[in-house]
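Visitor: Have a look at this one.
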Amino acid sequence: MIPSVLPTYNRAPLEFVKGEGAWLTTADGRRFLDLGSGIAVNALGHAHPALVEALTSQAQNLWHVSNLYHIPQQQALADKLVEHTFADTVFFTNSGTEACELAVKMARKYFYDKGQPERVEIITFDGSFHGRSSAGIAAAGSEKMTKGFGPLLPGFVHLTFGDLDGLTDAITGTTAAIMIEPVQGEGGIRPVPDAELKALRQICDEHGLLLILDEVQCGVGRTGKLFAHEWAGITPDIMMVAKGIGGGFPLGAVLATEGAASGMTAGTHGSTYGGNPLGCAVGCAVMDHVADPDFLADVNRKAGLLRQKLEGLVGNHPEVFEEVRGAGLMLGLKCKAVNSDVVSAGYENELITVPAADNVIRLLPPLTLTDEDIAEAVSRLEKTAAQVTAA
């Protein structure tokens, strides 16, 4: 008999009733150190006072009016994002999946309005994850994502991750854009080297293509810059954002240059809930923290400390771990043991990590975790590794 909640998740046997900072508490009082942050969502940790205040204050005044009217909180958040990024304009969504849908539409509408309606193809890369909508799974193209869901949305060309030679060969008169995550999350914490991001920007410029960056998981301070592409010194034409921007409240956005967004005129796209007062009030509070240079500097300091300790962990347990990879506080431990076994053993040590492809476990802690949290995290990882070895 099917359960009342559609059984599309293989859930861990855990239920949490309270969160504070980097910690989650179960109903029976167990405290788990959260290195998952709801899959990179709780950027400022659980129950951050500034976010609680922003949400409760706004909730006492106005929750929803729809985008038939001007929304001051939406304007304020858009202004902050434009001020701190490459973007000239922002459209707010409720999720990264919705952001992907608009990014695809925006790129194709751009060329349609330029009198080149044949330019609809978007080049993507293996290991990518762009959400689970029809466009998102077609963009990723993997059998795991697409099996049983045909016919797939056409217009995507899939290339091997890192294959710049193949990329140049794949560009034709029907190519519109290149879409890529600066750091693959679901794909196993695989960063795109700065030189390759620079090359992608150059290729797009040379061929008149749009560069779409998916920073849903790697953005909003996660890598130690406000957005990961900043490390390479480039800018995209369109960028997808979600997860951390709401700090736990469902919120996403598409950021774009004026040129890339030129086709999206009145009536071409919409969202009932996107950019509602509640979400944007929280988003403003998040931005006030993560856009602060001092905050980002501390993220980088803590990221260096955590990575140093993780390198020692790998050295101490070569039978369990192979390497550390990633950037900032978006780190992965490539496993020799089965990654799901490591995640499960972590639960027994009251530690939360997140599995990913390529036999990796993801470490996506709150950007606000303390040095003491880092020490405790590595201690629990040591216990977890020893337990996996003994098994």
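Visitor: Could you tell me whether PHE91 is touching a residue at least 40 places away in the same chain (Cβ under 8 Å), hydrophobic (A, V, I, L, M, F, W, C) and under 30 Å from GLY208 (Cβ atoms)? Can you show your working first?
Guide: Values: touching a residue at least 40 places away in the same chain (Cβ under 8 Å): yes; hydrophobic (A, V, I, L, M, F, W, C): yes; under 30 Å from GLY208 (Cβ atoms): yes.
Judged against the criteria, PHE91 is a match.
Visitor: Another question, if that's okay. Inside the range 74-129, can you point out the residues that are within 20 Å of the chain's Cα centre (by Cα) and in a loop (DSSP other than H, G, I, E, B)?
Guide: THR85, PHE86, ALA87, ASN94, SER95, ASP126, GLY127, SER128, PHE129
Visitor: Tell me yes or no: at least one residue of the range 179-190 is part of a strand (DSSP E or B), in contact with an Asp or Glu (Cβ under 9 Å, 6 or more places away or on another chain) and farther than 27 Å from GLY332 by Cα.
Guide: Within the range 179-190 (the criterion being part of a strand (DSSP E or B), in contact with an Asp or Glu (Cβ under 9 Å, 6 or more places away or on another chain) and farther than 27 Å from GLY332 by Cα), the answer is no, since none of the residues qualifies.
Visitor: Consider the range 121-146. How many of its residues are crowded, with 18+ Cβ neighbours inside 10 Å and either on the phi > 0 side of the Ramachandran plot or out of contact with any Pro (no Cβ under 8 Å at 6 or more places or on another chain) (or both)?
Guide: Looking only at the range 121-146, we keep the residues that are crowded, with 18+ Cβ neighbours inside 10 Å, and these are 121-125, 127-131, 135-141, 145.
So of that shortlist, the ones also either on the phi > 0 side of the Ramachandran plot or out of contact with any Pro (no Cβ under 8 Å at 6 or more places or on another chain) (or both) come out as 121-125, 127-131, 135-137, 139-141, 145.
Result for the range 121-146: 17.
Visitor: Please verify whether the range 212-235 includes one or more residues that are over 30 Å from GLU53 (Cα atoms), outside any loop (DSSP other than H, G, I, E, B) and in contact with a Pro (Cβ under 6 Å, 6 or more places away or on another chain).
Guide: Residues of the range 212-235 that are over 30 Å from GLU53 (Cα atoms), as a first pass: 212-213, 229-235.
From what is left, the residues that are outside any loop (DSSP other than H, G, I, E, B) are 212-213, 229-232.
Now narrow it down to the ones that are in contact with a Pro (Cβ under 6 Å, 6 or more places away or on another chain): 213, 229.
Within the range 212-235, one or more residues are over 30 Å from GLU53 (Cα atoms), outside any loop (DSSP other than H, G, I, E, B) and in contact with a Pro (Cβ under 6 Å, 6 or more places away or on another chain).
Visitor: Only one residue in ALA54, ALA76 is in contact (Cβ under 8 Å) with a residue 24 or more places away in the chain, touching a Cys at 6+ places or on another chain (Cβ under 6 Å) and in the same structural domain as GLY270 (by TED's automatic domain parsing). Which one? Don't jump to the end; show me each part of the working.
Guide: Numbers: ALA54 fails: touching a Cys at 6+ places or on another chain (Cβ under 6 Å).
Going through ALA54, ALA76 in turn, just one is in contact (Cβ under 8 Å) with a residue 24 or more places away in the chain, touching a Cys at 6+ places or on another chain (Cβ under 6 Å) and in the same structural domain as GLY270 (by TED's automatic domain parsing): ALA76.
Visitor: Here's something else I'd like to know. Could you tell me which residue of the range 345-369 is farthest from ARG301 (Cα to Cα), considering only residues that are assigned to a loop (DSSP other than H, G, I, E, B), in contact with a Leu (Cβ under 7 Å, 6 or more places away or on another chain) and not aliphatic (A, V, I, L, M)?
Guide: Keep residues of the range 345-369 that are assigned to a loop (DSSP other than H, G, I, E, B), which gives 349-350, 353, 357-359, 364-369.
Then keep just the ones that are in contact with a Leu (Cβ under 7 Å, 6 or more places away or on another chain); that gives 350, 353, 364-368.
Narrowing the set further to residues that are not aliphatic (A, V, I, L, M) leaves 350, 353, 365-366, 368.
Numbers: GLU350: 25, THR353: 21, PRO365: 14, PRO366: 14, THR368: 12 Å.
That would be GLU350.
Visitor: Within the group ALA260, ALA253, ALA195, which residue is surrounded by 19 or more Cβ atoms within 10 Å (Cβ to Cβ) and closer than 22 Å to LEU329 by Cα?
Guide: Details: ALA260 fails: closer than 22 Å to LEU329 by Cα; ALA195 fails: surrounded by 19 or more Cβ atoms within 10 Å (Cβ to Cβ).
Just one listed residue meets the conditions, ALA253.
Visitor: Go through the range 298-330 and give me each residue that's among the hydrophobic types (A, V, I, L, M, F, W, C) and in contact with a Gly (Cβ under 8 Å, 6 or more places away or on another chain). Steps first, please.
Guide: Let us first name the residues in the range 298-330 that are among the hydrophobic types (A, V, I, L, M, F, W, C), namely 299, 303, 305-306, 310, 313-314, 320-321, 324, 327, 329-330.
VAL299, ALA303, VAL324, ALA327, LEU329, MET330 - these are the residues of the range 298-330 that are among the hydrophobic types (A, V, I, L, M, F, W, C) and in contact with a Gly (Cβ under 8 Å, 6 or more places away or on another chain).
Visitor: Does at least one position in the range 251-262 carry a residue that is within 20 Å of the chain's Cα centre (by Cα) and either farther than 17 Å from CYS100 by Cβ or at pLDDT below 95 (or both)?
Guide: From the range 251-262, those within 20 Å of the chain's Cα centre (by Cα) are 251-256; that's our starting set.
Filter again for either farther than 17 Å from CYS100 by Cβ or at pLDDT below 95 (or both), leaving none.
For the range 251-262, residues within 20 Å of the chain's Cα centre (by Cα) and either farther than 17 Å from CYS100 by Cβ or at pLDDT below 95 (or both): absent.
The values are calculated or read from the model by the stated rules, or taken from the named source; none is laboratory data. Being a predicted model, the structure only gives us computed values, none of them experimental. Cβ: placed from backbone, ideal geometry, glycine included. Neighbour counts: every protein chain shown.
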